[in-house]
Each structure stands twice: as C-alpha cells, then as structure tokens.
1. Which residue, of B:G52, B:G78, B:G44, is more than 14 Å from chain A (Cβ to nearest Cβ), part of a loop (DSSP other than H, G, I, E, B), at pLDDT 95 or above and more than 23 Å from the chain's Cα centre (by Cα)?
2. Just give me the residues in the stretch B:458-474 being buried (at least 17 other Cβ atoms within 10 Å of the Cβ), under 12 Å from B:I493 (Cα atoms) and not β-branched (V, I, T), in sequence order.
3. State all residues of the stretch B:3-30 that are β-branched (V, I, T) and in contact (Cβ under 8 Å) with a residue 12 or more places away in the chain; if no residue qualifies, say none.
4. How many of the residues making up the stretch B:331-381 are closer than 13 Å to B:G432 by Cβ and either free of Cβ contacts under 8 Å to residues at least 24 places away in the same chain or not in a strand (DSSP E or B) (or both)?
5. Those residues that are within 10 Å of chain B (Cβ to nearest Cβ) and either over 12 Å from the mean Cα position of the chain (by Cα) or in contact (Cβ under 8 Å) with a residue 24 or more places away in the chain (or both), I need them from the stretch A:52-65; list them, please.
6. If a residue must be touching a Phe, Trp or Tyr at 6+ places or on another chain (Cβ under 9 Å) and not in a helix (DSSP H, G or I), how many such residues does the stretch B:182-205 contain?
7. Please give the number of the condition B:D290 fails out of (1) acidic (D, E); (2) within 14 Å of chain A (Cβ to nearest Cβ); (3) surrounded by 20 or more Cβ atoms within 10 Å (Cβ to Cβ).
8. Can you find even one residue in the stretch A:35-51 that is closer than 18 Å to B:G513 by Cα, within 10 Å of chain B (Cβ to nearest Cβ) and surrounded by fewer than 17 Cβ atoms within 10 Å (Cβ to Cβ)?
Amino acid sequence: MNEADIRGRVRELAIEMAPLEAAVVVGSGSTRLADDLQYDSLALIELAVVLEREFQLGPIAEEQAMEVETVGQIEDLVLRALRQEQAT
Amino acid sequence: VRTGLLDWLDEPVAARGASFLEDDGTWRDEPYPGLAHGVHRVAGRLLDLPLGRDAVVAIVLPTCREFLTSFFGVLLAGGVPAPLVPPTLVLSRAGYVDQLAELLAASSAAAVVTNDDARPVVEQALARAHAAAAVIVEPFSSEPCELTTTPPRSDHALLQFTSGSSGRPRGVQVTWDNLEENTAMIRDWLRWAPDEPGTSWLPTYHDMGLVGCLMTPITYGRPVRFMRPEQFIRDPASYLRTFGTADPSVYTAGPNFGFAYLAKRIDPASLTGLDFSSWRTAIVGAERLDAAALGRFTSLLEPFGFPRTAIMPAYGLAEATLCVTASPAGRGARAVRPDWSALRFGGAVAIAESAPLGDERIGDAAGWLVSCGEPIAPAQVTVVDELGVELPPGCLGEVVVRGPTIADGYLDGARDGSTSFHGDSVATGDAGAILGDDLFVFGRLGDRVKVRGRVYHAEDLEGKVTALPGVPTGRCIVIPGVSEAESGVTVIIEAEPGPWMAAVRTLLRREIGQDAAVRIGLGRRGSILRTSSGKPRRRVMWQRLIEGSLPDELSWDADVARAT
C-alpha cells in the first residue's frame, strides 16, 4: 500500500465508524472528528482499535489520540506508526 | 441497616478487596486493608496542607486505586470530593483544558488530587482559571498508615457535576445522609451478599459509576472489579469473562450503549466455555432504555446461561444522589406499547400492548417503552401536571422524586431551567407515567435530548439553526423530546419555504446524527407560542407536539434523518 492508499483506507474507516451517519458526509483531510463526525472519546478508541487491527499496529497511545482533531491527523498518526514499525 | 461511608476503614476485610484490570490483561487485587491504609495516607497529605473543613478537593484521575483512596481520603480529611473528567476520557487536549478550567473554577477547589500524567494539564487548567489550588500526587501504597487525629466531618460528602439544561456544569451537593441512604437502598434492592463480586467499566466521575458501582461495593466491603471505559471499548471480552469464569461477578450496571456495544462487538464463538448462569443483575439506566438493544444483548448471552431476568432497568439522577426506581430483583423488565396517537400531557396513557422484555411481540421495538421499575423505598415518585398538582396513577406528567436521597441543592444555589429542587423533592424535568407499579419515562420535558449518551440542548441547537444564512432571527424553536420511534427533535420556523431549508437539514443531521428523528415545521408568525417577554414557551410547545395539537397550518418537512 502506498501513502495515498493508506490515507484513503484510514479516511474510509474513520467515516464508516463515525457516530454520525456516513452517507451525508463527504470526508476530507480537514474533516473534524468531533464537530463533523460526532466522535466522542469512546468512539475514538473504538476507531483506534479498528485501525490497529487493519494495519497491524501496536496500541495507539491515548495521549497521541488526544492530539488528533481531524481525519487528516489520524491518517498522519497511522502513517507515522507504520514507519516506526518498519524501522524496528 | 445503614453503614457509614467510612466504617469500612475501621475493620477492613482482608479476604476481599477491589481488583483493577491492568493493561496486560491481568487483574490486580488490592485487599481492603491495603486500600484503607492508602485512604489514610491521602487524608494525611491533605491535612498537612492544611485542608479546611468542607474544602472542595477535585479528583482528576482515571479509575484506579488512587481514585478510590483519594475519594475516601478526602472524606476522611473533612473535605468534599469532586470527581472530574480525567484527560483519558476526552477528545482533544485543547478543549479539555477549557473544560477542566471551568469545572475547577465552578467548584472553587482548594486542592486537586491527580497523577503525574495528568499533572501538566491540571496545572494549565488552574492557570487558565486563575485558581490557586494545591496539586497533590500520591501514588498508591498499601504500606501501613494511620491518621492520629480524627478530623471533623464535612457537611457535604460529594460535589457531583452534571450538565444542566444550558449545558453548563452544575455541582450537585450530596450529603453523607444522602449517600448512606442510597448505597443502603441499592445493596438491599440487589440483595447483594458479602462475598458476591461485581464488575464495572463506568467512569467514576458520573453518579452511576461512582455511587452505584464504587461507593456501594466499597462501603459494604464487597469484592469488586474495575476496568476503565477505554479498556472496556478496547477489550469488551475481558469484561464479559468476569461474569462467566471462576468466582464470577454477579452484578454490573451500565447505559444501553454498553450492552448494545457488547452485542455488536462480541463474537458468540468466543463465548464457548463461559457460563453466565450466576449473573444475577445487569442494571440498565442513564439514557432512554432501548428494548431492541437489550434484546440483542440477551440473545447473545442466553445460549451461555444468562438469565434474561437479570436485566434490571433503573431510573435515577444526580439530584436524587443516584437510584430512584429499579425493577425488582429477579422479576425481569417489562415493556409497554402506548397508544402514541392518544398521548396527552396530564391525561391517562392508553396502553395498546404490554409484554416482558425479550418477548417476540416487541420485535424491533418501534413504539415500545421499557419500564424503569418500581420506586425503591424510602424514595417516592409522583407524577404532576404543569401546575405541580399530583396526577392520578396512569397519567403522563412530570416525574417528581421525594425522599431522604434528595441532595442539598446546587452549588451556590444555582438554578436550572428544567430540574429543580423544592425542599425534600426534585422536579426532574422528565416526562413519565406510573403504569401499574412501574415508572415509565417518556423523555425530557422539552429542553434537551440524549442521543448515544450525548446530550443536545434545545437552546444550543436553536442558536446554530438561527445562525444559518436565510433563517430569520428569533423565529425558530427547537423542541427535543418524545417521539414514537426514537429520541428526536422537532424544529418549528416561522418562515416561508426557501433554499435555506437544505442547510437547516444538513446542520441538524450533522449535530444530532442518524440515531435521532428530525422534523421541520414551517408556519406563519405566531406559530411559536411565547411568554410576554418573548421567550419561546418550549414546554407548552412540547406538550402540544406530543398531543398533536400544534397549529394546523404548519407545513411539515417529511425529510426524516433517521436511517430506517
């Protein structure tokens, strides 16, 4: 998977898992998790678990998740984690 | 027989204790004697500050041993504990600092007990609030520690924050008497025997997780297992296993959402070998009870011995400490399908059908209401009309709770538009009826709506709708409340149809989500009833809405957001 594929898949999952009805959202990198997609802290953890499984990542730390506000930042987080996995 | 909240410290039972789920999946047991030492240690730290009697101490901690020792330690030191949302349960750090600053300022906390992880953000929030509170970090230790003095007891035993009708936090002042009464009521109602364990994943800064799942078992020295909400979401199987393996837990509590989440996430194949036949009680409360979600949960676990009578719907509120009504132990939950078209505020509720929860007649649950059970003595529940006059049983009105668990008002005598204290009673702002022996709650009296555990305030939504270009200022009312299918909102706008309606629809879908029904009604000026000062008469509009007596000339937008 190249970077664009990974970003696309993360975005797809973030919108699919959103507490808000997905069909009405056209997601972009700047889509905000709380304001646009209705994420709360527990829904965000649910998304983190799904991303960890999908990309075979170690647990995403809660402190990292807390800094995330947009779909684009989740994509960045996953890409960073994947690079770290490759490096080790 | 009631037990004092701190009595367990005198003779802590060594054979029992609290267990905490570690992140490696193991349970760490902490017997009561060690916990009691920890409580004394925190109290000693606070008294060294020194801490004045009745001083509020904020607790900013996740569910952990330190939370438990801090809560009871503040009480032992003569302070008033105020548990606040910890940073692990918020979405963004920036928003959290503001939220915490507001809570710390509102509570006038003299000290904050926290941990090293949260300390920086607590200090930021204190700076933002221009508040000078001592920050205390006291890692747990079970090493012996005893206070040599007995500080005088505080007046209040808990400052419980809830969000009011405007969404701003209000502190409910809960007394020792309130808590000792309510924990005794819960223990007696459950018939909770000394050696029976319970499990909780609920946050401890809310009434259900704190009073029901932490204070009740700890005060009575019951074995209890705690996991953090985020652990429950990550690994719901760990939670379920505590009910189905050796030394099973037999009590738990949670909102619908938690039981629905288990039904969604747990693969039945993973339950092989588990035996849930000892599971006595699963209290369900805190949001409108969803017969379909509870049905899915029951169907998942029944093949593994789960008794469907264990589902125990309950009703309560922080203003009444916690628990007010619950289904009798072992009876199982009841449901009714009211004749919604004949529903009228103040009038008798006609019941089209009734069935026990889990009955196949309930199907996908549309139109069915689940009972909240019976009032737990000595709590009394009445239903009143808009003038506060008690209605006969069977009528729809506002739920009023009376009894020794009614809290000592809001901090600083604050008032709230929907829930209000009147001496030893509380007008809850919930619409309900007593049908048979059971209380049924139909929804809020028009000021807010709860969808998936999140509260939406009418005034907030109204502000957002009015801010849209093309929507006439001051000509819009949002009425959250009862609808047959689900929680939902109705918007009435005094305007001609226009292209701006699409924006209103998009906004409401974005705000409320797919779980709520959204209806838009257009009418001429005067369609919105107002007070002499021009404020919308939301509660009256709400009553007319459910009675179907809104003005005929309203034209309804049929675009209902709920996915069916």
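1. The unique qualifying residue is B:G78.
2. The answer is B:E462, and nothing else.
3. Once the filter is applied, which keeps residues that are β-branched (V, I, T) and in contact (Cβ under 8 Å) with a residue 12 or more places away in the chain, the stretch B:3-30 yields B:T3, B:V13.
4. Count: 7.
5. Scanning the stretch A:52-65 gives A:P59, A:E62, A:E63.
6. 11
7. (2)
8. Checking the stretch A:35-51: at least one residue is closer than 18 Å to B:G513 by Cα, within 10 Å of chain B (Cβ to nearest Cβ) and surrounded by fewer than 17 Cβ atoms within 10 Å (Cβ to Cβ).
The values are calculated or read from the model by the stated rules, or taken from the named source; none is laboratory data. Everything numeric here is computed off the predicted structure, so don't read it as measured data. Using ideal geometry, Cβ is built from the backbone for each residue, glycine included, and neighbour counts are taken over all protein chains shown. Accessible surface is based on the protein model in full, side chains and every heavy atom, while ligands, DNA and RNA are left aside. Shrake-Rupley method; radii C 1.70, N 1.55, O 1.52, S 1.80 Å.
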